[in-house]
Amino acid sequence: MWLRRPAQEDPDVPAHPLTPLREEEFRRNLDVLRAESRLTPSMRFAGVVLAEPPKERVLAWEPGDPVERRARSTVWDRADNRTYDVLVELEGGVVERFEHLPGITPNFTLDEFHEVAEALIAEPRVIAALAARGITDLSLVLLDTWTYGAAVMPPQWRDRRLGWVDVWVRETPNGNPYAHPVSGLKFVVDVNTFELLSVDEDVAAPAAPVMGEYVPELVPGLVPREPLQPLEITQPDGPSFTISDDGELRWAQWSLRLGFTHREGLVLHQLAWDDGSGRREIGYRLSFAEMVVPYRDASFDHRRRTAYDIGEWGLGYMTTSLELGCDCLGEIRYLDAVLSDSRGEPYSVPQAICLHEEDDGVLWKHVDENAGAEVRRSRRMVVSFHATVANYEYLVYWRLYLDGTIECEVRATGIMVTTPLPEGAATPSTGTLVDQRTYAPIHQHFLVARLDLDVDGQRTTVHEVDTHVVATGPDNPHGLALATTATPVRSEREAGRDVDWQRQRVWKVVSSDRRNSLGTPTAYALHTPNALPHLFAPDAPQFLRAPVIGHDVWVTRHHDDELWPAGDHPTQSSEDLGMTRWTADDEPLVDTDVVLWHVFGIHHVPRPEDWPVMPVDVVSFSLTPSGFFDRNPTLDLPRSPSGHCHPPATGKP
């Protein structure tokens, strides 16, 4: 991620330690590896990222100090399927690590997605299988490669970089391919060699007579409704935020640094609050660490269909450019993202991140019969990016509020996967009828947010706070009283926690070193309105790969290398390579540097209204100050100018 720098800027000027890799640094990484003859023609890059310095060193860094710049690459060799973890010190041009990772299959890449499609569409057995189903115009065919979990891989090919391929066909060149699945047909392919290993076929229903188009010109008989009056968002004096060349965003009392990786997409670093009395830490690093999407239908078309969209592919790789007036509205500033392709060469995603402010309605209000009305409007700073993951879109919004609240919202839209039914067949209980002879299977989207919160410093303790009924008795004769109980999460044996609606449970990250003026420790609280149960049997293979989805909240001891809760490389995994391994040593969690993890998402039982393109399904969580301030921190907000929304004050002193 990088702002376009002025041409005269010196690229050798030291950046901040967390500034994402620049284009010239991606190239430098390649140059160093080539100079040391570490790369063979058959080697490819699964990803290249900034090797972030240890947290302790970043926190101790001050402007003017030397800046560590290292690139970390995951490289695999198509010739022998061996994977390597590579670390390059960029300034000195030194390869510090080139380590083989036995038994590891790294994430798939967008290059491979397209290369597999190009290879298979020319394969005689593929052409014959399509022709047998009446499909001869290959320009209308979409081949969609998916990764495997080990349990559903053909055993004879478990030592390969293996993909399975869905088949779709458009009615017209610009038609919706996902409206027309070629049911009962999958291709199994070696993604290193592009060898077609198997044509998997099953008895399938004939194509259904669906109306699956959403582009207005392609929808039969569609009459566009009358448009609403224009809604213009203007800031004549410009936005209230600033963004520096090295990615520091400042707005109101907030400051933070923006990062971007091929795996996570947007990353928020070093969130802090400064109201004039000094900078106060809130969060060191916030991002999405995994997304697990299992389709809960055991039929031939769907039994292999579980995606790890972050660990197996990467949200950054699938980030799309944003457009003014469509994806973002208002006084916009955009940032480009810089990533690398599978040959390690850099490329840019223009306008990958959108920065803008939004009005958020009334923040606080009271009407007094003497003093009159006092109203303050809320505003929020929005940092967003959008990722297109094959048929689905994920629209991610991080929002900062004037009262210190942090909110993360995800909007899922796009097109559901469907399957045709035989004439007269009943709709399976595992899905919903959404068109003629067509059902969409039940599926789930589990998002895992990694929240490294440093509330007024690194020494914190997470408290699980429950509200409970006080027993009726002499001190509570009418049974009205409620009370809260805060229970510290003391060690990693207790790491996995669950939502309890009956107790209105929240989790507080409580500072060990600072108290407010009322004498209570400062804290931030996690609110989890969109947690969801996993609904897996405990021995289900997909659950064994990612038991992180088995709890709504996790608390772990901070370690720089513990970033991925289903493991560094979950592609083709058979067991957990992350969370349960980390917590097995039962490290203490009191008065130390901890990381909070939240599992939330969408339990999607499809409905006809989701077809042919889905209105957004919205999920979120929030982090709110809880004793972080002494009182409402927005008392100092000025009244809105009378020309906008507020009449002259008439209250009495």
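Numbers at a glance
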quantity: Amide H contacts under 5 Å for residue 506, placed H, 5+ residues apart; calculated: 465
quantity: Where 91, 213 fall by accessible area, highest first, once all protein chains stay in place (1.4 Å); calculated: 91, 213
quantity: Hull volume in cubic angstrom per residue (convex hull over the Cα atoms of the chain); calculated: 213
quantity: Straight-distance crosslink candidates among aspartates and glutamates, where the alpha carbon sits under 12 Å from residue 186 and sequence neighbours closer than 8 are dropped; calculated: 144, 166, 200, 201, 202, 301
quantity: Helix-derived mean residue ellipticity, 222 nm - over the chain, DSSP H n ≥ 4, -39500 (n - 2.57), to 500; calculated: -2000 deg cm²/dmol
quantity: GluC sites (Glu not before Pro) restricted to the stretch 375-438 and DSSP loop, no more than 11 other C-beta within 10 Å; calculated: 423
quantity: Solvent-accessible heavy-atom area per residue, rounded to whole Å², over the chain at 1.4 Å; calculated: 44
quantity: Diffusion constant of the stretch 480-534 at 4 °C, which comes from Stokes-Einstein with the Kirkwood Cα-pair radius and 1.567 mPa s, µm²/s; calculated: 96
quantity: Span-like helix ranges in the chain, DSSP H, alpha carbon extent 15 angstrom or more, Kyte mean at least -1.0; calculated: 110-120
quantity: Rounded, prolate or oblate (a/c below 1.5 giving rounded, otherwise prolate when a/b exceeds b/c) for the stretch 415-522 by Cα gyration tensor; calculated: oblate
quantity: Qualifying aspartates and glutamates (Cα of each under 16 Å from Cα of residue 55; at least 8 residues distant if same chain); calculated: 65, 68, 281, 452, 454, 456, 560, 561, 562, 593
quantity: Percent accessible area from carbon and sulfur atoms, the chain, protein chains only, probe 1.4 Å; calculated: 51
quantity: Distance between modelled label sites at residue 345 and residue 360, nm, 7 Å Cα→Cβ extension; calculated: 4.4
quantity: Pairwise FRET efficiency - residue 62 versus residue 125, Cβ, R0 = 60 Å, nearest 0.05; calculated: 0.45
quantity: Selected from 100, 136, 551, residue furthest toward positive end of dipole (the chain; charges at beta carbon); calculated: 551
quantity: Tail weight of P(r) past 17 Å, computed on alpha-carbon pairs of the stretch 88-216, percent; calculated: 64
quantity: Percent of C-alpha pairs per 5 Å bin, the stretch 222-319, short to long; calculated: 3, 10, 12, 11, 12, 11, 11, 12, 9, 6, 3, 1, 0
quantity: Reachable aspartates and glutamates, given that their alpha-carbon falls under 16 Å from the alpha-carbon of residue 365 and they are not under 8 places away in the same chain; calculated: 374, 403, 636
quantity: Dipole in debye (nearest 20) - the chain, about Cα centre, beta carbon charges: Lys, Arg +1; Asp, Glu -1; calculated: 760
quantity: Ordering of 298-304, 512-518 by burial proxy (mean other Cβ atoms within 10 Å per residue, highest first); calculated: 298-304, 512-518
quantity: The stretch 319-423 - Kirkwood radius from inverse mean 1/r over Cα pairs (Å); calculated: 16.9
quantity: For the stretch 433-486: span of alpha carbons on each principal axis (Å, largest first); calculated: 65, 41, 11
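The values are calculated or read from the model by the stated rules, or taken from the named source; none is laboratory data. In this text the structure is predicted, and so the values were computed from the model without any measurement. When we count neighbours, we look across all protein chains shown, and the Cβ atoms used for this are built from the backbone with ideal geometry, even at glycine. Accessible surface areas use protein heavy atoms only, side chains included; no ligands, DNA or RNA. Shrake-Rupley method; radii C 1.70, N 1.55, O 1.52, S 1.80 Å.
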